[in-house]
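What follows draws every value from the coordinates through simple rules; no lab data is involved. Because the structure is predicted, anything quoted here is derived from the model rather than measured. Cβ placement follows ideal geometry from the backbone for every residue including glycine, while neighbour counts extend to all protein chains displayed.
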Amino acid sequence: MEARTVKEIVAFCQGLFDDLDFTRAREWKAAVPGRKVIGYMPVYVPREIIHAAGMLPLGILGGGADLEVIHGDAYYQSYICRIPRSTVELAVTGRLDFVDGMIFPSICDVIRNLSGIWQILFKDKYVRYFDAPQNFREDVGGVFYSNELREFREGLEKLAGRRITDSEINASIEVYNENRLWVNRVYDFRADFPWKAPSAEVYLLMRAGMVLPPEEHTLLMREYLAAAGAQDRPMRDNCRVVLTGVFCEQPPLNLIKSLEISGCYIVDDDFLLISRWLLEDVPADGDPIENLSRAFLLNSAQTAAKYEADMEVKGRYLIDAIRKRSADGVIFAAPSFCDPALLDQPMMISRLDALKIPYITMQYAENSGQMQPIREQSGTFADSIKLWSSS
Amino acid sequence: MHTFIGIDLGSTTTKALLVDENETVLGRGITNSRSNYDVAAAVSKQEAKIGARFTLFHQALGCRGGAAKLLSTLERNFRLEQFLSELGRLEDTCMSYLDHPRFQGGKQALEESLSAVFRRIESEASEIYAPGASRKSDFFRDIAGSRFMNLAESASREAGISFETLLNIYDKSILDVESRVSPDDAVSRQFKNGLSRAFRETNGTDIAEAEAREALAKVLAIELEETYVVGTGYGRVRLPFPKEHIRSEILCHGLGAHMMFPGTRTVLDIGGQDTKGIQVDGNGIVTSFQMNDRCAAGCGRYLGYIADEMKIGLHELGPIAMKATKSVRINSTCTVFAGAELRDRLALGETRPDILAGLHRAIMLRAMSILSRSGGVTNEFTFTGGVAKNEAAVKELRQLIRENYGEMTINISPDSIYTGALGGASFARRAAIG
Amino acid sequence: MSGREVVKSNSQLVQKEMISRNYDKITDGNHKVSSTFVPGNLNELLMCFDIANNLPEINAIQNAMRKKSGDMITEAERAGHSEDVCTYVKADIGMMAKGNIAPNGKPFPVPDILLLSYTGCFTFMKWFELLREQYQCPTVMLHVPYAADGTPTKNMREYIVRQLKEDVIPALEKVSGIRFDIDRLREYLRKSAAAEDDMVWMLESTKHKPSPIDCYFGGVYYMGPIFTAFRGTDEAIEYYRLLRLEIQERIDKGLCAQTPEGDMPEEKYRLVVEGPPNWTSFRDFWHMFHESGAVVVASSYTKVGGIYDYEGFRHDPDHPLETMADYCLGVYTNRSLPTRVDMLARNIREYEADGLLINSIKSCNSFSAGQLVMMREIERITGKPAAFIETDLVDPRYFSAANVKNRLESYFQMIDQKRRLGGSAAAGM
């Protein structure tokens, strides 16, 4: 088969992104009787175990900019972010009827309570609140977490009607190690040649990873890299920014485009952290539960929802990213009403101030329509960096 | 006769409605709200009683040929009489202010100018109330006010006196005039004079004047006993009624909608300042409700901002939106961004009708949220409030309801502004009779 | 309010004195001080190390009731904190910026340790991260997992116990210089259990008709000692003993609930309330209830610092660390939504309430997210009507008296009308 062009690959990804009926996932499920689909919300769940059960992990990130929320608003007051209401909208309008279970990670109290709403609304579905430990000692948090993983595995075994063996999980670990490798390669490529990999495209590519089986997604990323690498695109005099705060409720695609149009290359971000949450390969031999547990405890990313016991270390993750990607500045984009992002921000900002790293802050909603103010703000930021930075 | 009255004190207008023992609506009254709630309540109540007298007069005349015509002619002329009375009071009040020491110097000139202005308005009066004449508002303050401004401007210029001064006098006087309720005997007189005027116009009725006069006299003689009055309304100030005579505006609204459309189960009221979703049972009693009263998005006020931005009248928004050929997705209903959103879209090449249609949809989406939170939409659905008169808003709402809740009966009454007062009157009757 | 004399009973005076003494202890410079949270308040453990217990939530409430929180919040927002986040946090940070003065007029010290009891509320984590930056003081974190499926698991319990053993207790030992004595802890827990019995008695006293107390506006005072620095002390035992006597007397005399303006003349509506109260307009808010004859017979906020009635939990001195874990796991905000629904529905039935009122707090997601669903579920289960009002904890900008009064009055009248017409059939429970 002839290799696809970047345009074709992106169009394919866009199709997946726009499809709120999740047709592709439905087709996957229908292809073999007995298949199950498990939905998960941000930030991190061990997809390896779901995969090992022969199930498809499906990333649920709300309804996006084009979904009108009518019924979902009955579930939430106006001073709560949009992702839970659009997620409920998806569910009550039947778009998630083929999803057999939902996993809600411990990201904040809104998503936490959403797990309870799901229990009330969908009594016949598998619902699990996935409480990641905030204690990172192997002998304390590690023991808790390993047990949680075992419980998770048992829950999925019950749903699958069969046991999930260690070797199956190890095989899945390898698959996701591979997937993560290529995600990181795409991110590296973008950081090195941002004009060849516009963030809107990379974003769609990563969103595809929420919907496709990991093996397919890996192939897709390789395809994209080859095609994008080969393509000649004009370089622009954009400044390099790290975008942070977008780890849960997603901004409209237009916002990402607007940032780039206004003169910024996004050289790192915290979109879809699950794709890169584990920072190193997980060993694919031995006790997979212990390995996954250790990987989470000792080698995972940092985000607002994760406790940092050492004040000196707090913020280092962001600063390291800035340095690694040679970024000129940071854009803090937080969803309105987002406790994790908004509460964490002052602490991140004070660290950037101490290092004199420029930044701007903005707020958005999943369905923000006003791009003009965003463009103005980020454009001015880009200009100020280009004109006044000492580098 | 026993009558039961509901008074709904709103921020812009105060409505009153009068029913009889059988819960038949006899009269409705509306006036512009004033800072003094007592007066607003009294004036609207008087207006409702006036309405009742018209109804009773109509009943007395029966359905003979020309009865309806006589009624409408009488009404017009009654309003004319009312206007002239108030105008006279306004003039007297204005003149009395001239006795103030600060006007001593220019008292004569002021007197002449004012007199001239009032003579002019007086002469225009019959034009204002001529058959077929349209008025932007029926409130004395609005009609007299705009004429006064106009005429005073030229009069002051001609006489070389300060326009500000005339305005000043007007402002003080109108407050006084507005804080007075027409007593019953004045109203009776206005009715009688109105009837005379009516018969002086070209006839078209085969009812003899003497007969009509006698019927009117009988009607005016009927004592409209205020057996029970219930007040409602939303306000920081205490309503001017004893506690047992107050019902929450949500309950009044729910019951009022039920009275108008007994099959109602869900009511949506979009007022200027708040939006209410109300669920009622078969007896018109509220079973749950939700309000959005902090944020202007989704309220009538939002449309007001849009109209201002586009420099058009509020009533023009709907017709323009109806001309849309495609839907423009507007995501922000925040009034702070209303102008920006609009300009953005125009800059992107969208047409005004398309944008306005999108804005109407956005507002109705907000209303759908409130409805959702109040318990959804159940057949029959009644839509009240000023926005219910906006055809584009109604169109979007119908579509949204159909899409999300299925086919159902959607009721909109031209008298929906009286919903709260109707509910209040009904509560009044229930309180007295049970 | 007017110059009417506020009626204060013995127990109220005792409590006032207890609170005042605690603030003096915190600010006297002679004690080690720890800051911690009401949900997950390990007071007995702190007592083992002679550490004074400072509760920033209580400080925010004190400031709100003295009408100072508004300025503090503005100060915090000026310093860059978002409009959308918890106002307890902003009031605390604002208080610090304005001199960090305690209600007794003396400055708060830099805490010797922040005991980040991460229980039932995500914001707690960030709150103490923010404070440790300001204070540059040691912090120890206790992660209390969320009982998502209704019942906490063995794994969760063991995790907490392990953290206590490996992290919390060593940290407290280090700060205080005192070795941990588990028997001392047992003693305190024994006393906690004794006070808890009377506390539950108080909560259940409202089953009487008329209810002798208001268990929301009054309840937040009564729950004070057991939720704050006194659980485990003789003073708490004495306080609840006194309180019980007072309430019993009220029951014997057939009195209606006590309010700041005297006893209610009659009880017309019995309500269950979900959600924290508004603190900046507390008296006005209460007034709207009692002037209409509405008394609150049960509330969820009186369970925010621990639940002693639902499952009959008592601190168990025989299993000191495990019982502290159980206590933390069981606080209201750490309960799953279905559990909260069940609790409130039972309250309505067992306390013969006319309905449920939800006071939804704008800045508190832990309580608020999901309340609309809870409301509908509880209506469905009990057949009783529910009402929904929206205010905030300590930000005076978010209490609109007209708006609240309108909704409350509509609700009371709704209940009236339902009664008049025989009411709808209550669904079986």
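Suppose we keep just the DSSP beta bridges with both residues in the protein assembly as shown; what percent of those would be antiparallel, to 5? Percentage antiparallel, nearest 5: 30. In this Cβ point-charge picture (+1 for Lys and Arg, -1 for Asp and Glu), the protein assembly as shown has a dipole of about 1480 debye about its Cα centre. Seen against the Cα atoms of chain A and their longest principal axis, helix A:214-230 is set at about 20 degrees.
In segment C:1-75, Cα pairs under 8 Å separated by at least six residues give a relative contact order of 24 percent.
If R₀ is 22 angstrom, what is the calculated FRET efficiency for the pair B:Glu403 and B:Thr351, using the beta carbon separation as r and rounding to 0.05? It comes to 0.35.
Among B:Thr232, A:Thr165, a tally of other beta-carbon atoms within 10 Å of each Cβ gives an order, fewest to most, of A:Thr165, B:Thr232. Positive-end ranking of B:Gln82, B:Tyr97, B:Asn22 along the dipole of segment B:1-127, with charges on Cβ about the Cα centre, is headed by B:Asn22.
For chain B, the dipole from Cβ point charges (+1 on Lys and Arg, -1 on Asp and Glu) about the Cα centre works out to 920 debye, to the nearest 20.
With each label modelled as a point 7 angstrom along the Cα→C-beta vector, the A:Asp281-A:Asp192 pair spans 1.9 nm. Between the residues B:Thr232, C:Met324, C:Asn30, the greatest Cα displacement towards the positive end of the dipole of the protein assembly as shown, with unit charges on the Cβ of Lys, Arg, Asp and Glu, is found for B:Thr232. Within segment C:27-178, antiparallel bridges make up roughly 10 percent of the DSSP beta bridges whose residues both belong there.
With the largest listed first and rounded to whole Å, the semi-axes of the equivalent ellipsoid of segment C:27-178 from the Cα gyration tensor are 27, 20, 12.
Within 9 Å, Cβ to Cβ, of A:Arg128, how many net charges do the neighbouring residues add up to if Lys/Arg are +1 and Asp/Glu are -1? Residues near A:Arg128 contribute -2 overall. Note on B:Gln273/C:Asn100: beta-carbon distance plugged into 1/(1 + (r/R0)^6) with R0 of 56 Å gives a FRET efficiency of 0.85. If R0 is taken as 56 Å, the Cβ-Cβ distance between B:Arg64 and B:Lys389 corresponds to a FRET efficiency of 0.95. The label-point distance for B:Glu127 and C:Lys209, in a model that sets each label 7 Å from Cα toward Cβ, rounds to 7.1 nm.
Each Lys and Arg adds +1 at its Cβ and each Asp and Glu adds -1 at its Cβ; summed about the Cα centre, segment C:27-178 shows a dipole of about 200 debye. The orientation-averaged projection of the convex hull spanning the C-alpha atoms of the protein assembly as shown amounts to 56.4 square nanometres. Extension gain, C:Tyr310-C:Tyr221: 0.36 nm per intervening residue step, less the Cα-Cα distance, totals 30.0 nm.
Span-like helix check, chain B: qualifying full DSSP H segments, with Cα axial length of 27 Å or more and mean Kyte-Doolittle of -1.0 or more, are B:37-61, B:67-97, B:107-128, B:352-374. Once you mark the GluC sites (Glu not before Pro) that are in a DSSP loop and have at most 10 other Cβ atoms within 10 Å, what is the longest gap between them in chain B? Longest run free of exposed loop sites: B:1-222. Structural descriptor for segment C:27-178: relative contact order 25 percent, calculated from alpha carbon pairs under 8 angstrom and at least 6 residues apart. Here the simple spin-label model places points 7 Å from the Cα toward Cβ, and for B:Ile412 and B:Ser11 these points are separated by 2.3 nm. In segment C:27-178, a dipole from Cβ-located charges (positive for Lys and Arg, negative for Asp and Glu) runs towards its positive end, and of C:Asn104, C:Met156, C:Gln136 it is C:Asn104 whose Cα lies farthest in that direction.
For segment B:90-152, chymotrypsin sites (Phe, Trp or Tyr not before Pro) meeting the loop criterion (DSSP other than H, G, I, E, B) and having at most 15 other Cβ atoms within 10 Å: B:Phe139. When C:Trp286, A:Trp388, A:Trp195 are arranged by Cβ crowding within 10 Å, least crowded first, meaning fewest neighbours, the order is A:Trp388, A:Trp195, C:Trp286. Extension gain, C:Asn30 to C:Lys253, is 75.7 nm, computed as 0.36 nm per intervening residue step minus the present C-alpha separation. Net charge of the neighbourhood of C:His208, taken over other residues with C-beta under 12 Å away and scored Lys/Arg +1, Asp/Glu -1, is +1.
Bridge orientation summary for chain C: considering DSSP beta bridges with both residues in this region, about 10 percent are antiparallel. For segment B:353-431 versus segment A:220-290, the spacing of their alpha-carbon centroids is 45 Å.
Once the Cα atoms are used to define both axes, helix C:337-350 deviates from the longest principal axis of chain C by about 50 degrees. Loop-located GluC sites (Glu not before Pro) in segment C:218-303 (DSSP state not H, G, I, E or B) with no more than 15 neighbouring Cβ atoms inside 10 Å: C:Glu266, C:Glu291. By the count of neighbouring beta-carbon atoms within 10 Å, fewest first, B:Lys107, B:Lys276 end up ordered B:Lys107, B:Lys276.
Taking 0.36 nm per residue of sequence separation and removing the Cα-Cα distance, the A:Ala354/A:Asp21 pair yields an extension gain of 115.2 nm.
Distance cut-off 32 Å, Cα to Cα: go down the list A:Lys123/C:Lys303; B:Lys15/B:Lys107; A:Lys7/B:Lys326; A:Lys306/A:Lys356; A:Lys7/C:Lys126; A:Lys125/C:Lys384 and report the pairs above it. Correct reply: B:Lys15/B:Lys107; A:Lys7/C:Lys126.
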